[in-house]
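So the structure is just underneath, and the comments pick up after that.
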Amino acid sequence: MPSAPDPLRVPLSFAATHGDGAKETLALRRGSAGGALVRVHRGVYAPAPDVAALDPRGRHVLLCRAVVAALGPRCVVSHASAVEALGLPRVHPPASVVDVVDPRRETVRVSTHLRRRPGTVPADEVERVGEIKVTSLVRTATDVALTASFEQAVLCLDGVLRRLVLPRGHAEGAAVEARLARWRGVLGDRLGPPGRRGGTSARRALAFASPWAENGGESLLRIVLHELGVGEVTLQRVVRVGGRAAGRVDAFLEDHDTAVELDGFVKLTDPAMLAGRTPAEAARDQNRRDQRLLAAPSVRRVVHCEYDDVVHPERLTGHLRRAGVTVDPRRVTHSVRAAARRFAARPL
């Protein structure tokens, strides 16, 4: 199966290069009308097959390239658009509006495909993603935490902390805890005083965030487990039997001695995750791993769930209750309502 094109390498053609009535501009419009080209932004076109092959994140990065080409050098891609450009996790697919910080603005201004936000971005808070100037990891996490929902703030902060604290993958120990404390301090300082607009929610998200969430699904799983009131949840806990590692589980409910694995049907259908095995062989391997985990004195149950169970907390609750985990019905009602708001809302 061919890989999707790199949105930073998809060629863009600009009508402004030639002038409105030039034959090259007319050719671009004919190409768009005939289906060979896609109009990405006003006066900006890209090959239709390349655009069709992009996922939502890739299409937004392509839109960023098209939009910022006409902006001044002081404008920096930010907020939700920086999340996409930096490859950070998010709750929703990206909107068709590019966020930038524009020092010439005193208020937010929205136009077609562009949202200009007032402010400045110092040079040490700017990264390059291809030809795009993007706010740095720390600046992006700060901006999102102060302006987005709690859930989106947690996902962004989880992703940023993971890159800063665990750049080479899972690790534990005093050195890791020291790095985590240092970066929490840096982010806390960047959030400004507690009275700042959005500051209370942002600090709550920062306190909740964890570098041990390996992806956005695990971040959302932890949020839902917190809403369900199942007690302390440890992400990526290593389970040991006789001093040897039996496995590392996505989430562990400390108060219930229960491991929760976020996988579901995808592990039995995704060719990359099957790695040459048949679905039956993958199911057998999963069962054997569960038995190894259950051999540990600290693990009494293993619960398997999938992303839809996170979107619909009543389904996750069913899995937990069948495993013997008590969940307060009032908590379930609250979590279901929160999920309805969470996944119905649109990105900023």
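The values are calculated or read from the model by the stated rules, or taken from the named source; none is laboratory data. The structure displayed is predicted, hence computed values, not measured ones. Neighbour counts run over all protein chains shown; Cβ positions are idealised from the backbone, glycine included.
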Somewhere in segment 32-45, is a residue on the phi < 0 side of the Ramachandran plot and touching a residue at least 40 places away in the same chain (Cβ under 8 Å)?
-> yes
Kindly indicate whether any position in segment 182-200 is of a type in the set (Ser, Thr, Tyr) and surrounded by 15 or more Cβ atoms within 10 Å (Cβ to Cβ).
-> no
Residue among 339, 296, 282, 323 that alone is crowded, with 16+ Cβ neighbours inside 10 Å, assigned by TED's automatic domain parsing to the domain that holds residue 241 and touching a Pro at 6+ places or on another chain (Cβ under 6 Å) | 339
Being crowded, with 22+ Cβ neighbours inside 10 Å and either farther than 30 Å from residue 221 by Cα or touching a helix residue (DSSP H, G or I) at 6+ places or on another chain (Cβ under 6 Å) (or both) narrows it down to one of 26, 63, 71, so name that one.
-> 63
Residue by residue through segment 164-214, note down the ones that are over 16 Å from residue 154 (Cβ atoms) and assigned to a helix (DSSP H, G or I).
-> 174, 175, 176, 177, 178, 179, 181, 182, 185, 186, 189, 190
Considering segment 29-49, residues that are of a type in the set (A, V, I, L, M) and buried (at least 17 other Cβ atoms within 10 Å of the Cβ), and then whichever is farthest from the chain's Cα centre (by Cα), we arrive at 37
In this structure, is residue 290 within 28 Å of residue 336 (Cα to Cα) and either among the acidic types (Asp, Glu) or surrounded by fewer than 15 Cβ atoms within 10 Å (Cβ to Cβ) (or both)?
-> no
Determine the pairs where a residue that is in contact (Cβ under 8 Å) with a residue 24 or more places away in the chain, located within segment 70-85, has a partner that is of a type in the set (Asp, Glu) and part of a loop (DSSP other than H, G, I, E, B) with Cβ atoms under 7 Å apart, the partner being 6 or more residues away or on another chain.
-> 75/102
Verdict on residue 158 being closer than 22 Å to residue 91 by Cβ, more than 13 Å from the chain's Cα centre (by Cα), among the acidic types (Asp, Glu) and not in a loop (DSSP other than H, G, I, E, B) | no
Output the residues belonging to segment 102-123 that are without any contact (Cβ under 8 Å) to a residue 40 or more places away in the chain, touching a helix residue (DSSP H, G or I) at 6+ places or on another chain (Cβ under 9 Å) and either in a strand (DSSP E or B) or among the acidic types (Asp, Glu) (or both).
-> 115, 117
Listed residues 253, 221, 228; which is surrounded by 15 or more Cβ atoms within 10 Å (Cβ to Cβ), under 24 Å from residue 327 (Cβ atoms), in contact with a Pro (Cβ under 8 Å, 6 or more places away or on another chain) and touching a residue at least 60 places away in the same chain (Cβ under 8 Å)?
-> 228
Scanning segment 91-102 for residues that are modelled with pLDDT under 95 and of a type outside the set (A, V, I, L, M), which turns out surrounded by the fewest Cβ atoms within 10 Å (Cβ to Cβ)?
-> 96
